[in-house]
1. Taking H placed 1.01 Å from N in the peptide plane, check which residues at least 5 places from A:Arg51 or on another chain put their amide H under 5 Å from its amide H.
2. Probe 1.4 Å, all protein chains in place: accessible area of B:Asp146 in Å², nearest 10?
3. For A:Thr195, what residues show an amide H to amide H distance below 5 Å, using hydrogens built from the backbone and excluding near sequence neighbours?
4. Calculate, for the protein assembly as shown, the solvent-accessible area per residue in square angstrom, rolling a 1.4 angstrom probe over the heavy atoms of the protein chains.
5. Quick one: with all protein chains in place, what share of the accessible area of the protein assembly as shown is carbon or sulfur, to the nearest percent (1.4 Å probe)?
6. Return the percentage of antiparallel bridges among DSSP beta bridges fully within the protein assembly as shown, rounded to the nearest 5 %.
7. Show me the ranking of peptides B:46-55, A:279-288, B:107-116, B:322-331 by mean Cβ neighbours inside 10 Å, starting with the highest.
8. For B:Thr515 paired with A:Asp22, estimate the spin-label separation in nm (one decimal), with each label point 7 Å from Cα along the Cα-to-Cβ line.
Amino acid sequence: MSNFLNFPIIPVGASTFAEKVDPLFYLLTLMSTVLTVGIFMGIVIMAAVFRKKPGVDRPSQALHAPILELTWTIIPTIVGLGLFVWGAVLFDDYIKVPEGALQIDVIAKQWMWKVQHENGMREVNDLHIPVGRPVKLTMMSQDVLHNYAVPAMRVKQDVIPGRYTSLWFEPTKTGAFPMFCSEYCGTEHSLMGGTVYVMEPQAYNEWLAGGPKVSPQEAGRFLFEEKLGCVTCHTGVSGARGPDLKEVFGHAVKLADGSSVTADEEYLRESIMEPAKRIVATFTPLMPNFANQLNDEDVANLIAYIKSLTEEEVVEVETGAPAP
Amino acid sequence: MAVVADRQIIHETEIRPRHYLNVNHSFWSWFFTTDHKRIAMLYLGTITVFFLMGGVFALLFRLELMTPEGDLFQADTYNRFFTLHGVLMIFFFLVPSIPATLGNFLLPIMVGCRDLAFPKVNLASYWIFVFAGMFGVGMLASGGVDTGWTFYAPLSTHYSNTSVFMAAMAAFFAGFASILTGVNFIVTVHKMRAPGLTWFRLPLFVWAQYATGIIMMLGTPVIAITLFLVALERVWGVGIFDPAHGGDPVLFQHMFWFYSHPAVYIMILPGFGVISEVIACFSRNKIFGYHFIAFSSLAIAVLGFFVWGHHMFIAGQSVYTGVVFSLITMLVAVPSAIKVFNWTATFYGGNVTLESPMLYAIGFMGLFTVGGLTGLFLAAMGMDVPLHDTYFVVAHFHYVMVGGMVMAFMAGLHFWWPKMTGRMYPEFIAKFNAVIVFLGFNATFFPQFILGWLGMPRRYHAYPEEWQVLNVMSTAGATILGFGFTLAIAYFIWSLFYGERAGNNPWGAKGLEWTIESPPTTHNFHHIPTVTEDPYNYTGREEVNVQQ
């Protein structure tokens, strides 16, 4: 019964850790319920039995019940020590990575997760992994503290700037499982999540070999809007600090020196790497050089994105590429 | 003390008795008083304002959490609300709550003297608290702060654009108020006990305040240093916690929790003291295991300094360190468990009545038990991994801090209100309210245990849809809880003007405070009392309203 009145009360378990941790959780829950109810019943019963009654005068007494006191000292101590051992043994599982685990790198920054697989395959926020094989994530943050948490896998680990931390788990079920940032990291903390896709090994291999790669336009949009924040100046609104990039590609652009140029790939690339060279009329040269920050792939993606902001037929004419 | 005792203070025999409240009405006589009772009342008024502010922020973000989308407030606003709720409630309400109000008022009376050892230091403590509060208000006025009350670096030292400096200074100065209170309590208990009042005749409330004083004195300087370093890094760029400047963010957490875990005991130990008094009184019985409860307060005060690492099992601290912290945490849980058993056993063979303070105390025992037991989940290292930083933790510490501490504070306020003001509040409404607060509390925080086990992370502005029902329950509960606290404040204020006169000892309670007038005179005792019997020497017979 994982649902009660149509909403979940028991989380999905999809890793070997769920099988190990859940029994302890439910045992502790049972113990807590029994003790709480027991103590509360004890109070209610004694409050009733020893209630103040007219004509009854029980003198105040310093009770001594050494056996009782020893019992309620020794049993909680043993229970506490038992829990300590159980918890420590479980934790040992959490830190001992089995041999042959799939190695995946994760970089966290406000407010996204960048994931890179062994073969160089990259993804953002999501994680694709095969079922039935241990996976080890090696993680670092570029700014503040973050935390990589997948409730269905029962794993969670702080991600720290300037030092590597890691976690591992072995998924036992295929499916899509939500992942959350669990260490408060600023404005969009609650949106810094993604999905862990656990796939059959065959499907995973296909995916890894190049399956649904991120399209260049999408990668460019990400650079433009999120990673580089170009959008903060190129807002597309009149009066913004940077020119509107809609309907730019393939069109003539008037420059500050009075001349004019057609906005082709070459001009766009130059305007990204060394923007001050040929400034658009009425704009001031505020934009920094990105020559040292971007590799060729990034620039290509950005250009693909800027192209996608322009009507299709122009793109076709200028590049000869098939329509997207 | 003997000198003072010999020189009897002459009292006017007027028709209208002079007591500490009406002895002088001038502004100066209140705000620059050295009377521990007046300072307690000043503190009570001030922390009530902070409590209400903290409560309003809580209600606002609970409203946001009614829907899965972040639609009512922007993310930045939401983040400020939960941060302000935490900062105000922890540093400006919970830490000073019982020590600065009930402790200030009762400790000198319970040890049988006329004031605390350093009355002017006590006044200084209040004004430092107000000064800190002004930083708090300044921080609010300049847009608040959004780092979470934990001020984790490097978010706090570098990335946040909010008033972190003001917030850190507010907590920094509030700490000094706390240190002065602690020192005052320790000296008073050591040096100013009345003749015959041996250590083991002290009420357990005094033992608890004494143990709290030790933690305040030893722990608070560490948070002051930590916050100072945050300010140093934030304002002058000195690299201490931010790795980009050569610092270590995990170091911040070690320093922060070195204070902030013992601070949990600063908050809860005084509550233990209140509960011991209330349960003994309304059971009309000697407290079960007096020596154990007295010593366990001290043991908790000491051991509480060696468990801070249990906040950091998955924060990047060494595994071996984690193992040691987990073990000590399990051991420190044992004395708390035994205390609950002792309080329960105190009912045995007593003459139990269920007045409103007792109802709050019983509520405390139930909720604190749940809070303590759920702490075991988090102290077991492997179990902590899925629960860490989820709503399970939020529920756990609210069961301890609100279900434990605030319930104890309510029990204590209801118990000593007649002594402090000389007036009774409407008892029936108070009993009804105890039930309301208990139910509202559970409705608010119990669903959060389930949310936490489902994996809902803390400090989330938006969340997946399937968690909405539990969040709506929680918000509904918060509304009930808010109503309960508002009602309590309303009838307490009403009672100041219209309440029945209380008499010296409306509950038939034992203890020096019940032998003097309600409200007490400025100097508490006409003669310094000589104590000849053990505490809680209840006989079962009615002893109501013994006039001096």
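The values are calculated or read from the model by the stated rules, or taken from the named source; none is laboratory data. Owing to the predicted nature of the structure, the values given are computational and were not obtained by experimental measurement. Heads up, the Cβs are rebuilt from the backbone with ideal geometry, glycines too, and the neighbour counts pull from every protein chain shown. Each accessible area value is taken on the protein alone, full model and side chains, heavy atoms only, with ligands, DNA and RNA left out. Shrake-Rupley method; radii C 1.70, N 1.55, O 1.52, S 1.80 Å.
1. Counting only residues 5 or more places away or on other chains, the set is B:Val352.
2. Result for B:Asp146: roughly 10 Å² accessible.
3. For A:Thr195, the qualifying residues are A:Asp126, A:Leu127, A:Met179.
4. For the protein assembly as shown, the solvent-accessible area averages 39 Å² per residue.
5. Of all accessible area on the protein assembly as shown, carbon and sulfur atoms account for 65 percent.
6. Values: 35 of 48 bridges.
In the protein assembly as shown, approximately 75 percent of DSSP beta bridges are antiparallel ones.
7. B:107-116, B:322-331, B:46-55, A:279-288
8. 6.3 nm
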